[in-house]
1. Kindly indicate whether any position in the range B:68-82 is surrounded by 21 or more Cβ atoms within 10 Å (Cβ to Cβ), within 9 Å of chain A (Cβ to nearest Cβ) and either free of Cβ contacts under 8 Å to residues at least 60 places away in the same chain or touching a strand residue (DSSP E or B) at 6+ places or on another chain (Cβ under 8 Å) (or both).
2. Quick one: which residue in A:142, A:130 is more than 14 Å from chain B (Cβ to nearest Cβ) and not in a helix (DSSP H, G or I)?
3. Just a yes or no: is a residue in the range B:159-182 in contact with a helix residue (DSSP H, G or I) (Cβ under 6 Å, 6 or more places away or on another chain), free of Cβ contacts under 8 Å to residues at least 60 places away in the same chain and within 14 Å of chain A (Cβ to nearest Cβ)?
4. Give the range B:94-123 a look and list any residue that's facing chain A (nearest Cβ under 9 Å), under 16 Å from residue B:148 (Cα atoms) and surrounded by fewer than 21 Cβ atoms within 10 Å (Cβ to Cβ), or say none.
5. Tell me yes or no: at least one residue of the range A:144-163 is in contact (Cβ under 8 Å) with a residue 60 or more places away in the chain and over 22 Å from residue A:99 (Cβ atoms).
6. With respect to residue A:87, determine if the residue is more than 23 Å from residue A:206 (Cβ to Cβ), crowded, with 16+ Cβ neighbours inside 10 Å and in contact (Cβ under 8 Å) with a residue 60 or more places away in the chain.
7. Are any residues in the range B:255-292 closer than 26 Å to residue B:313 by Cα and crowded, with 18+ Cβ neighbours inside 10 Å, and if so, which ones?
8. Looking at B:192, B:185, B:151 in this structure, which one is buried (at least 18 other Cβ atoms within 10 Å of the Cβ), in contact with a helix residue (DSSP H, G or I) (Cβ under 9 Å, 6 or more places away or on another chain) and within 14 Å of chain A (Cβ to nearest Cβ)?
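The values are calculated or read from the model by the stated rules, or taken from the named source; none is laboratory data. All values derive from a computational prediction rather than experimental measurement. FYI the Cβ positions are ideal-geometry reconstructions off the backbone, even for glycines, and counts take in every protein chain you see.
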């Protein structure tokens, strides 16, 4: 027993280190490859250069994809916050016929393959005579990210003491006032977290997006896919490195400003 | 019930009146045909074990639940048609339920804002309320920066500042540690008297109930078992439930029969004679004699003073302020006799023979 106890900690640390390495090593390799000089991807590179970064930033399809992506993700994540909040609120506060159904429906994209959704929307859109415009892409992303927003809001909502609602009511607050003055401020961190998550997911989504975009609406991941089909140079690695950097920065800043301690302080208000 | 209680109910103007209220959850009747009247300024405690319906009754009064039948009146006006936000009732919750995203002053001022009170007036009244609970400097703090006792006082200030017709307190001290609790009880009672507000207090802690209340409603299985002043409740419990629930009491099995205007209680060789007026109900058969440990005294065996029974000391329980003697009576009864003096430890050692004297005026039979 004693020996096992003493071994437990180092073994645990080793396992965690291995898991972390397994998760992060591919990203590290990509970042290193991006700084290579040869026009094929090579690890480790034998000469160093920044030229693939330059190409990644100036390649027209990537620029267009970036703008499209920001535009689509902004809409999709904003709409997802609105829809997800309403859904989470409905499921949490009201028990009605079919509330369980609504819950599983709104959470189902977690189990439906993105590919299926993409094809389905493509068929639906052409059947309805819709062109493959931004609206279809936004709708597609909305469906994909709503469950995550709803989860996030739902958890925040669960963390709100139901007695607060009663306290506010006993002090004369009508239901709408309770929502605006009590629930909404307390949900803010959850909403922000959900929005951020939705934005990142939407921005990175590829499988379903591939089916519902065309040349003018293609997002960055789709543009990258098209690029890879023609070239094998480290531009892709450079772009990936940039995206990893930006996303990481984004998360760190977000965590700092609307971060964990605000979310936790809601949980421990007692 | 007792004459004192009837007199109290009719006296003064009634602030809260609960009239034959019923509330069920599924098949269980949480509140079962409860009626009670509370006078203006009175402090009434709903006391009972968990699941007795006391919190449900509180929620019905606050409007968080709707009664199936019956009506609740505040200052004579029926209120079951009103939502909680339309009633003018202050509520203090068990976990305080302070709004974590607002400052203390914003919390206290919330009810006033809802009432569209002007800004200067809100400020003045909030400060007044904070001074009342002796936390005048805390307005800018957040609730989580305060201790439990301070949060409790802010919750009280928030409920009182709207000048409600009635204040409801739901086990407000259960989350506060024991030393602070006694202090908070005194403080709450002082503030309640100062403000003169009608108060309904819910607790399962009988010592809290006995020390604070003007009257106590003991509840069990959705019904009010007894509504009396604390001293009446303790000395003249209305039934076996109240007798067993409040304080410590000896339950002594016996058979009873009527003998002229007396009731004879028998168990083994013991025969007791009580005036019939002291024993509710007719009939003969198995009964229980209820008598508190402090109504019993250890005396020399076989003397006329030993009017209850003779027996042997089975154990001694030293409790600081007193000694409890566990006595095995010759007729099989097991009694707890409370002796105030410390010499009882030496005088009545384990195995000693003794007689038990009972102050039968303090005994009840059910």
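1. For the range B:68-82, residues surrounded by 21 or more Cβ atoms within 10 Å (Cβ to Cβ), within 9 Å of chain A (Cβ to nearest Cβ) and either free of Cβ contacts under 8 Å to residues at least 60 places away in the same chain or touching a strand residue (DSSP E or B) at 6+ places or on another chain (Cβ under 8 Å) (or both): absent.
2. Numbers: A:142 fails: not in a helix (DSSP H, G or I).
On inspection, the qualifying residue turns out to be A:130.
3. The answer is yes, given that some residue of the range B:159-182 is in contact with a helix residue (DSSP H, G or I) (Cβ under 6 Å, 6 or more places away or on another chain), free of Cβ contacts under 8 Å to residues at least 60 places away in the same chain and within 14 Å of chain A (Cβ to nearest Cβ).
4. B:94, B:95, listed by residue number.
5. Yes, because at least one residue in the range A:144-163 is in contact (Cβ under 8 Å) with a residue 60 or more places away in the chain and over 22 Å from residue A:99 (Cβ atoms).
6. Yes: the conditions hold for residue A:87.
7. B:265, B:267, B:270, B:272, B:287, B:288, B:289, B:290, B:291, B:292
8. Details: B:192 fails: within 14 Å of chain A (Cβ to nearest Cβ); B:185 fails: within 14 Å of chain A (Cβ to nearest Cβ).
Among B:192, B:185, B:151, only B:151 is buried (at least 18 other Cβ atoms within 10 Å of the Cβ), in contact with a helix residue (DSSP H, G or I) (Cβ under 9 Å, 6 or more places away or on another chain) and within 14 Å of chain A (Cβ to nearest Cβ).
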